[in-house]
Amino acid sequence: MDPGKIQAGVSSLFYELPPKTIAVLPFVDQDKGDYYLNKVALNQRNPELREKYRWTRAQRVRKLIYGNLAQREYYPIKLGKIDALLKQHGILNSKDLSRVSPEQLGSWLHADAVIYGVVKNYESYYAGVLCGYSIAADIQMLSTKNGEQLFYASGVRNQLGFDFGLNPTDLLINSAINFSYLRDVVLRRAEEDISREIVLRIPTRRPTPYFSQAENALALSHNSFSKEIQNEKKGRAATPTAPTQFISHGNNEKRSPFLFTQGSVHNMPIEPDNPHFSFRLSKKNELPQKNIAIRKADFALAAIDEPKGKPTKQKAMPTVLLNGVSDQKFFLSEIGDKIHGKKSLYDRLIEMDIQKPEVIAHPDYSREASGKIAVLPFSDQATGGDFLVNRIPLFPKSKMQKENWQWTVSNRLRRTIAGYLAQRDFEILNLGEVDTTLKAHGLATMKDLLGIPPQILGKWLSADLLLYGEVTHYEGFYSVVWAAWKVGARLNLVSAHSGKKLLSTNATRMSNRFIPAITPVDLAISGITTMTTMMRDYKLKQAEEELSRELVLRFPAVKQVNENSENRDLPHPLVHKISILESSPKKRKNLDLFEKSPFA
């Protein structure tokens, strides 16, 4: 249940000069830093603790905005880099930040636009049959060229449980169950909702970006490509067969993972300046025989088509969003940063989601797991191209529709995981750039991707680490009083320098709802409620986010040290225990995970 709303507006300047590089500045919490239940402050924290809570809440929303931008075609600047530069220039609170013009910030950060944010509401509610959290926030994007407003959004999002019953016994049971909504993981979902909804309203830049790597790739001949692989594999027993510039697909081979998520792609011409990041490579006999060259497109200056129809009335916003907000200190320690949103045993029991993510780290993880990460296209091994509910395909699909659905499912999880990795301050390569480069080298299927050594892929993508992914579960369940979405994935992090598999993790997550009922009337109410509240795309998205969050939170952090230093330590996680493959027979049995293919 979510009675909230999102209001957004885009200026005409955005369509004329859409930004490419965006800096998400420190957000400000408009509240006092106390804990509120039904708009009543339950505790009176000391001033120092209040400031820490204000900074923590603002940072949570800021990181989620940044992570959602990282999934898009934009290039958000790492938050750590932004904070370091602001400290360097003596900006230590919101008042200092409001005194610096967007133009000046842009020159420091080399950004096309800056985003300011204010968290206005951070409250919890409980009223028997109704319980949950409410979060409100405003964000504003300003151009660093002239300080003009490009985009704004103001929204409220709620994560509320509403279970109603006519029978007094059912009413009492549901009231008790509703109280379980006041948990940290539910608060995290409210934060994710408002951040996702705001970023979704930022317009999409249509032109395909120009990447020099892709143009260089198209200039490679078959002979030079084969020679490059042979040089990289020198000294090994076998050399993989090098693909030609465009891959021919046999009848028994899976088609390209680079598919449209919607619409028909039959007889689509192969054009490198196609507005989509991903397109299907046709069969060899459909390809033009002449060489194709990527045309340079100025991604930052290319115009975007303005929306058709009557212009909507824009909400008036202050020149700088921080002007009407009380002063707040920046760069304090965050409360619960390592465990916020991570399911506890209580959460898993309440939500009937018992499985805990498994993580296996290589002994060399702490030494090699640093640098740029390329999140490669994922593989869908769960759906078979069908939309499954109770393991039954709901809608008949053609072969092409099944292929598109498999690409859609795998890319949904891929983008979400990339967004959460970015929030952990890992350096993630733009997904569009990764796809463009892989397509330019003629990679069209997962088989093609796995046939290229990690060292070669790392060189093409200018990446230090490669993240392979596989969707293992993606289906819905419904049984009147209970409804759920089950989503699972497996990830493998591979070094692009040594080819070692540094980390392997897999998990399955259930987003479900159970409404017990005794009388026939309450049973009917429960059936309708579970159907209308759970069997929606929005809830499926929540399951994807929950899985991605749980997987990424299990990635061990590597201390940020000087690039020339090799003294990198693997910190001991506070909540989850990591298996290091060193001594025991049980651990040695899993060593094959790090020696075989990325999906072994």
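Kirkwood radius for region 342-558, taken over all pairs of different Cα atoms as the inverse mean of 1/r, rounds to 18.6 Å. Given their separation in residues at 0.36 nm each and the Cα-Cα distance between them, Glu334 and Ala557 gain 78.7 nm when the chain is fully extended. Computed from the alpha carbon atoms alone, the convex hull of region 67-139 holds 126 Å³ per residue.
Residues whose amide H falls under 5 Å from that of Thr144, counting only those 5 or more places apart or on a different chain, are Ala113, Val114, with hydrogens built in the peptide plane.
For region 19-168, what number results from the quotient of the Cα radius of gyration and 2.2 N^0.38 Å?
1.23
Once the 1.4 Å probe is applied to the protein heavy atoms, region 342-558 comes out at 32 Å² accessible per residue. Cross-link pairs exceeding 31 Å between alpha carbons, from the set Lys145/Lys338; Lys87/Lys439; Lys52/Lys342; Lys145/Lys342; Lys81/Lys539; Lys338/Lys439: Lys145/Lys338; Lys87/Lys439; Lys145/Lys342; Lys81/Lys539; Lys338/Lys439. Dimensions of region 406-456 based on its C-alpha atoms, expressed as ranges along the principal axes with the largest first, amount to 31, 27, 16 Å. 3J(HN,Hα) along region 124-134: 10, 9, 8, 9, x, 7, 10, 7, x, 10, 9 Hz, from the Karplus curve 6.51 cos²θ - 1.76 cosθ + 1.60 with θ = phi - 60°, whole Hz, x for Gly and Pro.
The values are calculated or read from the model by the stated rules, or taken from the named source; none is laboratory data. Worth saying up front: this structure is predicted, and the values here are computed from it rather than measured. To get the accessible areas, we keep the full protein, side chains included, count just its heavy atoms, and leave off ligands, DNA and RNA. Shrake-Rupley method; radii C 1.70, N 1.55, O 1.52, S 1.80 Å.
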